[in-house]
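Since the structure comes first, as structure tokens, the remarks are kept for the end.
Since every read-out is calculated from the coordinates, none of them should be taken as a lab result. This structure is a prediction, so every number in the text was calculated from the model and none was measured. Quick reminder, even Gly has a Cβ in these numbers, built from the backbone with ideal geometry, and neighbours come from all protein chains shown.
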2 protein chains.
Amino acid sequence: MPLSDTWRAPLYEALLRHRSARPHSFHVPGHALGQALKETPAAPDYAAMLQLDVTELSDTDDLHQPEGVILEAQHLAAATFGAEETCFLVGGSTAGNLALILAHCRPGDILLVQRNVHKSVIHGLQLAQATAVFLSPSYEEASGLALIPSLSDLATALQQYPQAKAVLLSNPNYYGFGVGLEPYVELIHSYGLPLLVDEAHGAHYGLHPELPGSALAAGADGVVQSTHKTLTAMTMGAMLHMQGNRIDRPAVRQMLQLVQSSSPSYPIMASLDIARAMIDSAGPILFEPALACVSSFRKRLANETQFEAANLPIVQGQEGLEACYIDPLRAAVQDRTGTLSGYAIQSKLEAYGCWAEMANEAYVVLIFGPGTRDKDVETLLGAFKKISETLEPGRDRPNKSGLGTPLEVTNDREVHSDRISDPIPFGIHLVREQATEIISLQEAEGRISGEMITPYPPGIPLVYVGERFTQATITRLQRLAALGAKCQGASDSTLTTVRVWVKTV
Amino acid sequence: MPLSDTWRAPLYEALLRHRSARPHSFHVPGHALGQALKETPAAPDYAAMLQLDVTELSDTDDLHQPEGVILEAQHLAAATFGAEETCFLVGGSTAGNLALILAHCRPGDILLVQRNVHKSVIHGLQLAQATAVFLSPSYEEASGLALIPSLSDLATALQQYPQAKAVLLSNPNYYGFGVGLEPYVELIHSYGLPLLVDEAHGAHYGLHPELPGSALAAGADGVVQSTHKTLTAMTMGAMLHMQGNRIDRPAVRQMLQLVQSSSPSYPIMASLDIARAMIDSAGPILFEPALACVSSFRKRLANETQFEAANLPIVQGQEGLEACYIDPLRAAVQDRTGTLSGYAIQSKLEAYGCWAEMANEAYVVLIFGPGTRDKDVETLLGAFKKISETLEPGRDRPNKSGLGTPLEVTNDREVHSDRISDPIPFGIHLVREQATEIISLQEAEGRISGEMITPYPPGIPLVYVGERFTQATITRLQRLAALGAKCQGASDSTLTTVRVWVKTV
């Protein structure tokens, strides 16, 4: 990246200053600036980083009471991302989602929340003992992928539940599809409520003219971004941005203290500072190599192979979704011939050293960004070409009876047909208060689930604890199992059986 | 450290294997194995580590559903630390304490818990909406430092609250003082309850004949250890150990999913694997250089300077506390002449490049371990000598009227005289449900606190939200403020004012 003379990373630089004085450590962590690992095989990998892995010292500030370099780094981040206040997160977007929900919902309070959210939102509902009213997503026509709920459904829900404390949306989705939030903000603010946005996959939004606008720019009140996902922070490094007076900032700060480690990682915090410094220093040019690479990749993939990246979404007749967009730095690739599932493509790419972000039945999702180099994309295109050439039509053809076409099986519409759910009270002890039993999945229709089953990635729960199994849910789980999907929370990883509540007579 | 041919670190080695194939990354994190940072000033520090900062891939397992290298690494750790089951933590001991409490307490359930616990235990009570019965600590006579409650108080509390769900103790304390837990385990198990232990400062216990025994060896059911504190993991790397059938293991695993990031850090997880591998590979010899260093340091400090490390504790007439011990790898040092406070010693040591773990009015706490080298301890001793020699009796003498002797101000006994508290219901919204106001600290006697004030370190809350201010509490806060202590959670960092609930008429 081109570095300008505006490079400033006060938190990272404080760690460098601390190290440069060759300090003697008589504090935690016990590796003592890495000295403990010096004679181990791990030394070359950990040596430099552990010299920055310090603790709250008089020159390194305190995340939970920031007054020095951490506060300064957060102020710089707020300016860069357009927030009035930014909190660094060391527990990932998970910590931000938990804190936003805990700060706004007391037990029994209603949160309007889209159904296709990350499991951390569900965990937030559980910890807060909040009551969710789920809004079913809209769907992008061509891809069948789930977006945020329609504006009209949200308007209905707000009329129906004026006592709701906030609205939580997840935008963009895991596939890079999103919706402009301006009309949503206007509607939600007209009820005096805050809009909370899980923008985990959009930390880079608004930072280049070709990238979609950010939730903050659209006026959202509280926004969580995974700085590690599409920018350059270490994993678990994320940010929570706030603006305006509809969000309860003192409560959010207080809840962040509850859910995050009292010994936050300095390498992770400094990596947030560095990620922001790279943006400020390089400007939009930071994203240009990747944007150029991906643009060329999309064209050549479509022209030279049987694969294709999902194109700009088309949404018709759904109010509020006209401003639908796609992340140019993310490609949801499918096999146009319907021969290979997303899982199969992912597995074949790995054999060529190309590691994708995730796969589902239809798509393999590839992420590009400031770390992407031409050679990576060349290798990727080459891999797709070789996969095309070496396909054995007989062996690689899908089981027609079982899988259907990719688009059919990706579509979640069949599973949840109610657009606005009844209020569902969440709690953390529902399972333990109920006697449960293990039964065959195929006999589970009508039974109440005793486990939350979450295909991961994308990490969106398919069945919640306390939710009734429908035939559609069962069919979908059976397909996922047949395709080798990984499901978190399932008592039986093969999904042959599931845990349900014992029937009460 | 001497490495034997038993070095095995399956999780770390999986990351090395992944890296060695020179993979092309199209997944999160966006730094793409560090490529994004290559042209930044941060490259030398972050380069090697970011190559290991991957995500859940087909060869790197999944912390929240471990079946491969993470499961294997956890099994090896369980064997090393003497547990039946070990869970890696990436959110520090904080995550383990939250999960243990959430797993065992439904709203309103009673937990018997010692008063002098880390704030993460309080946060666990709040999130679980549990009811705490606090047991006041016993005190080690010579140092005035707080230990766990006496066995007789615990017996009384168990008789009084047979409906309690568990007992939570924090042992050893921040100063390295601890108590053998065997009689506590016997008593608690006789009520059929699990003993949960926050052993954050004792991850190294039981790993050398000169070190105290571990909580697991004493029979505790659930134990949280900060592997990063006294062993060699990265900060936020910790472990939760379980044994026996009194602890609800499925609930603990489920709660860990709730409170931890869905994108756990691989460098941190691998550092847990490496910390365990170092122990298995080197054996007890891993601790011998530090043990020898500290033993010599203690003698020379006492003989050659005015400073002294607290000695082996002496406890008389308190049943169960006979087996009191001190961590040989931790030194709580005070000025025998009473001239310098712990804070002042800490600050003076920093000027010589020696960074202590924490200080209070009386003590500065120094931690030694596998990362300690002879030269560090030589520098430290030299610093103490120079501080002794350069003291200006007039300028450095304490304000007699304000501070008293170190021992007087350290002693918490005056603050909490009730040995077994009434049940105190915790919740996360107590503050917001009450109107609060800011008043002068010196007028706060009898008022109910609207904030939790936690001197950090050691991170033990002095006043809980909902607890009444006593004159003793006020005096102690005023002394802490005068001595420059940092307090988390205080609305006024100078402690001139505090937030209290508005009086109801």
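Taking 0.36 nm per residue of separation and subtracting the Cα-Cα distance, full extension of the segment from B:GLN163 to B:GLU304 would add 45.3 nm.
Computed from point charges on the beta carbon alone (+1 for Lys and Arg, -1 for Asp and Glu), the dipole magnitude for region A:434-501 about its Cα centre is near 180 Debye. For the segment B:346-353, counting C-beta atoms of other chains within 10 Å of every residue's C-beta and taking the mean gives 2.
I'd like to know which of A:GLY68, A:SER296, B:PRO455 lies farthest towards the positive end of the charge dipole of the protein assembly as shown, counting +1 on Cβ of Lys and Arg and -1 on Cβ of Asp and Glu. The residue sitting farthest along the positive end of the dipole is A:SER296. Max-minus-min Cα coordinates of the protein assembly as shown on each principal axis give 84, 60, 49 Å, with the largest extent listed first.
Along the axis of the charge dipole computed for chain A (Cβ charges of +1 for Lys and Arg, -1 for Asp and Glu, origin at the Cα centre), the listed residues A:ALA9, A:LEU483, A:PRO328 are led at the positive end by A:LEU483.
Distance from the axis that maps chain B onto chain A is least for the Cβ of the chain B residue given, with the whole Å value, as B:MET49, 2. What the pair-distance distribution of region B:10-283 shows, using all Cα-Cα distances binned every 5 Å from zero, is 1, 6, 13, 16, 17, 15, 11, 8, 6, 4, 2, 1, 0, 0 percent.
Under Stokes-Einstein, with the Kirkwood radius over Cα pairs as Rh, the value for chain B at 20 °C and 1.002 mPa s is 89 µm²/s. The residues B:THR497, B:THR55, when put in order of fewest to most other Cβ atoms within 10 Å, stand as B:THR497, B:THR55.
With Cα atoms defining each centre, region B:6-21 and region A:200-257 are spaced 34 Å apart in the structure. Counting only Cα atoms, region B:1-121 measures 54, 37, 31 Å along its principal axes, largest extent leading. Bridges between two residues of the protein assembly as shown, per DSSP, are antiparallel at a rate of about 65%. Label-point spacing at B:HIS75 relative to the other copies reads 5.3 nm, in ascending order, each point sitting 7 Å out from Cα along Cα→Cβ.
At an R0 of 51 angstrom, the distance between the Cβ atoms of A:ARG336 and B:ARG106 translates into a FRET efficiency of 0.45. Computed from the C-alpha gyration tensor, the three semi-axes of the ellipsoid equivalent to region B:434-501 are 17, 12, 11 Å, from longest to shortest.
Panel order for A:VAL223, B:VAL117, A:VAL54, by other beta carbons found within 10 Å of each beta carbon, from fewest to most: B:VAL117, A:VAL54, A:VAL223.
Measuring between alpha carbons in the structure, the pairs from B:LYS299/B:LYS348; B:LYS299/B:LYS375; B:LYS165/B:LYS503; A:LYS119/A:LYS229; A:LYS375/B:LYS38 lying more than 27 angstrom apart are B:LYS165/B:LYS503.
Of all DSSP bridge pairs formed entirely within region A:10-283, close to 40 percent run antiparallel. Taking amide H atoms as placed 1.01 Å from N in the peptide plane, the amide H of A:MET452 lies under 5 Å from those of A:VAL465, each 5 or more residues away in sequence or on another chain. A Cβ-based charge dipole, computed about the Cα centre of chain A with Lys and Arg at +1 and Asp and Glu at -1, lands at about 860 debye. Rounded to the nearest 20 debye, the dipole size of the protein assembly as shown about its Cα centre is 100 debye, using +1 on the Cβ of Lys and Arg and -1 on the Cβ of Asp and Glu.
Kindly work out what percent of the DSSP beta bridges joining two residues of chain B are antiparallel, to the nearest 5.
Bridges in chain B that DSSP calls antiparallel: roughly 70 percent.
Here the label points at A:ALA351 and A:THR156, each 7 Å from Cα along the C-beta direction, are separated by 4.8 nm in the simple model. Each of B:ALA217 and B:GLU445 was given a label point 7 Å from its Cα along the Cα-to-Cβ line. The distance between the two points is 4.9 nm.
In chain A, a dipole from Cβ-located charges (positive for Lys and Arg, negative for Asp and Glu) runs towards its positive end, and of A:ALA344, A:GLN243, A:VAL377 it is A:ALA344 whose Cα lies farthest in that direction. Taking amide H as placed 1.01 Å from N in the peptide plane, the amide H of A:CYS324 sits under 5 Å from that of A:GLY180, each at least 5 places away or on another chain. Taking other Cβ atoms within 10 Å as a rough exposure proxy, A:ARG106, A:ARG330 sort from fewest to most as A:ARG106, A:ARG330. Each copy carries A:LYS299; placing its label point 7 Å along the C-beta direction from Cα gives inter-copy distances of 7.9 nm, listed from smallest up. With the simple model of a label 7 Å out from the Cα in the direction of the Cβ, B:ASP492 to B:ASP422 spans 2.8 nm. Sorted from closest to farthest, the other copies place their A:THR156 label points 6.3 nm away, with each point set 7 Å from Cα along Cα→Cβ. Here the sum of -39500 (n - 2.57) over DSSP H runs of 4 or more residues, divided by the residues of chain B, equals -10500 deg cm²/dmol at 222 nm, to the nearest 500.
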